[in-house]
Each structure stands twice: as C-alpha cells, then as structure tokens.
1. Within the bounds of region 310-317, is there any residue that is surrounded by fewer than 19 Cβ atoms within 10 Å (Cβ to Cβ) and either of a type in the set (Lys, Arg) or modelled with pLDDT under 95 (or both)?
2. Looking only at region 301-339, count how many residues are in contact (Cβ under 8 Å) with a residue 12 or more places away in the chain and either among the polar types (S, T, N, Q) or assigned to a strand (DSSP E or B) (or both).
3. Six or more apart or on different chains, Cβ under 9 Å: which pairs go from a residue in region 93-108 that's closer than 16 Å to Leu77 by Cβ to one that's crowded, with 24+ Cβ neighbours inside 10 Å and of a type in the set (Lys, Arg)? Could you list them?
4. Surrounded by fewer than 18 Cβ atoms within 10 Å (Cβ to Cβ) and closer than 29 Å to Asp216 by Cβ: is that true of Lys42 in this structure?
5. Filter region 221-244 for residues that are among the β-branched types (Val, Ile, Thr) and surrounded by fewer than 17 Cβ atoms within 10 Å (Cβ to Cβ); which is farthest from the chain's Cα centre (by Cα)?
6. Quick check on region 278-286. Is at least one of its residues under 24 Å from Ala320 (Cβ atoms), under 21 Å from the mean Cα position of the chain (by Cα) and loosely packed, with under 15 Cβ neighbours inside 10 Å?
7. Being surrounded by fewer than 18 Cβ atoms within 10 Å (Cβ to Cβ), in the same structural domain as Ser127 (by TED's automatic domain parsing) and farther than 20 Å from Thr337 by Cα: is that true of Asn37 here?
8. Looking at (1) assigned by TED's automatic domain parsing to the domain that holds Lys178; (2) part of a loop (DSSP other than H, G, I, E, B); (3) surrounded by 19 or more Cβ atoms within 10 Å (Cβ to Cβ), find the lone condition where Ile160 falls short.
Amino acid sequence: MLKLNALVAGSTGYIGVQLIKLLVKHKYINIKFLCGNSSVGKNIKFYDKSLSRYKLPKIVKFNKKLLNDVQIVFTALPNGEAQDLSKHLSKNHTLIDLAADFRLNKASDYLKWYKQKHRAPKLIKKSIYLLPEINRKEIKKYNIISCPGCYPTSILLPLIPLFKKNLIKFNSIIIDSKSGYSGAGRGVHKKYKDKNLYESLSAYGVGFHRHNSEIDQMLRKFTKKKFQFSFTPHLSPMFRGILSTIYLDLENKITPYTIYNELSKFYENKKFVKVLKRDSLVSTNNVINTNNCYISICKSKYKNKVIILSAIDNLIKGGAGQAVQNLNIKFNFPEKTAL
C-alpha cells in the first residue's frame, strides 16, 4: 500500500513533537512537511533528541503550495490558526485538528469561550468532533476532524455511557481533574512563572475553564434532561498525565456494581479503554506513554454515591494518540497502527 503524505503544522510544541514520534512509526504515513514559525530551518531533533535517528524534513513556514503534495494535514497550532489554514484545503485533503478550532458547533460559542471570532464559520458544519469510542461511525462523512481536548477525553469516556442509560442524577456531578503541566503547552513556564510548577499543585480556570463548553456540548447529545456539573482543573507537579476524579449521585436502585457492569459492557470491545477491577486505585503511571484510558469505579461511604477515577496520558490519548487513532479509523488502517 502506498503511503499517504502528511503535513504537521505546529510541529514543535509538546503535542506536535509527540505526534511526530507516533507518525514516524506509522507504516502508512510519510511525513512530508513539518511547519513552524519561530523554528524555521531547524531540525525537529532540536526539540526531542530521540527523533535524531529518523530522516525528517527541516521545519519550514507554512505555505498553501505545500498542500499540493499532501493528503493529510495535522494542526497543533494556537487557537484560531487552523481555521485560516482550513480555507486552503480541497476535498482531497483530510484535516485533523488537535486544537480547539472546530470543537464547538456554534461560532457564537467559540467567541464566548475563546474570546475570538471564528474565522471559518462555514466549515464548522463540515467538521466533526470525534471521540472515537463514542461516535466513530460518523467519521466517513467528514474531512475536518476535531480531536477532543485532554480533560474532556478523560471525563466524557466514563460519563457518556451513564448518561445514555440514565443511571446517575444529573444535577450534582462534580469533576476534579489534575494534569501534568505539559497540558498548558511549551509556554507554560512563562505563563505560570510565579508558580513553582515542580513542587506545587495549582487550581486554575475554576468554574469557567474553556473545556466546560465541549463537555457540556457532548453530554447534551445523550440526554434531553437538564444537567449540571462542576469542573475544576489543576496543574500538577508532573510533566504528563491526567487523573480525573468524578463524584456522582446514583439514581434509585442503582449501585456501584451497576455502574461497573455498564461501563465494562460498553467498553469490552474497545481497544484503548480499560475498565479495571472495582475499587482499583488507578494512577497516571498506569497510562503514561500509551493511548489507553483506565477507568476505576469506586464505592463511596454513602450507598447512593459512586466515585469514578479516569486516567489518560494527556499528550497521547488526550492529544496526539487520539489524532492518530482518528486517522486510522478514517482511512481504514488497523486501529492500533503506531499506537
């Protein structure tokens, strides 16, 4: 089988480098171009020495003429920039965006949460927010694939099956998530220069973090009932990984064992979601450098409550790995290729 040529825009960020480290092992993909702005002319090995063993193109500035030689475009750019790039794509291109440019269904919601006007509003309806374990069957109709954010991935995977079956009460969902600082991007040290990232735990975006919007949007697809959730993210003194702790009130006659059975059944044939033995104390260390999501259902001291632990690697299942998984599904490659 001939390899497909790919362009990676935003290749030097934490997510971009992780994506390259996966794509160099993908037997159906040839990395044709690596694009960046401040890094033009550099080798990607400057950002990760492990890539020095591969023959990769030097970083160039994006030009729409480059699109003539590729079929797939990955964008790991600052919010808004994939919208500009998308205007140059033809029907023969597939865009896989790892940022937030096509995550929201309404341009007005994008303006509200990201404080900038959407620059390609007509393309929103031609894009799909794809969480592969949930809505993979829809992918064939779309050439713009928006990959979910890292926090929402860890949260939606355990919650959506429970929403579908109305097993929990919808008015009292509490989500506490802790992420490695790589989730804030390569500029994290400048952005949080007053915080000791290596020795402290910091809450941020309390009540109004941008990922609230996509969590809310996705959950609404699976219930007509009103629901409320409180989501608080934290930066943790580790480089990578996310652990989300979700506190739920159960509907009458529903037990933690019911929740365990439902999630186990829902994910029994899914390659990257593992529902662990009940009351397992899951750690980010279980999932680092994998495309897996580990879920543990834990009993509470109260009979009508349950606590769910969900762990992912934010750079892989919450980013580059999910992008490659979506690529594989879109082009009928074996789903675990390069993963």
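1. We begin by selecting, within region 310-317, every residue surrounded by fewer than 19 Cβ atoms within 10 Å (Cβ to Cβ); these are none.
Looking through region 310-317, none of the residues is surrounded by fewer than 19 Cβ atoms within 10 Å (Cβ to Cβ) and either of a type in the set (Lys, Arg) or modelled with pLDDT under 95 (or both).
2. Of the residues in region 301-339, 14 are in contact (Cβ under 8 Å) with a residue 12 or more places away in the chain and either among the polar types (S, T, N, Q) or assigned to a strand (DSSP E or B) (or both).
3. If the second residue must be crowded, with 24+ Cβ neighbours inside 10 Å and of a type in the set (Lys, Arg), the pairs left are Asp97/Arg103.
4. So Lys42 fails the test.
5. Top of the filtered list is Thr223.
6. Taking every residue of region 278-286 in turn, at least one turns out to be under 24 Å from Ala320 (Cβ atoms), under 21 Å from the mean Cα position of the chain (by Cα) and loosely packed, with under 15 Cβ neighbours inside 10 Å.
7. Considered against the rule, which asks whether it is surrounded by fewer than 18 Cβ atoms within 10 Å (Cβ to Cβ), in the same structural domain as Ser127 (by TED's automatic domain parsing) and farther than 20 Å from Thr337 by Cα, Asn37 comes out as yes.
8. If we test Ile160 against (1) assigned by TED's automatic domain parsing to the domain that holds Lys178; (2) part of a loop (DSSP other than H, G, I, E, B); (3) surrounded by 19 or more Cβ atoms within 10 Å (Cβ to Cβ), just (2) comes out false.
The values are calculated or read from the model by the stated rules, or taken from the named source; none is laboratory data. Just so it is clear, the model here is predicted, and its values are computed rather than measured. FYI the Cβ positions are ideal-geometry reconstructions off the backbone, even for glycines, and counts take in every protein chain you see.
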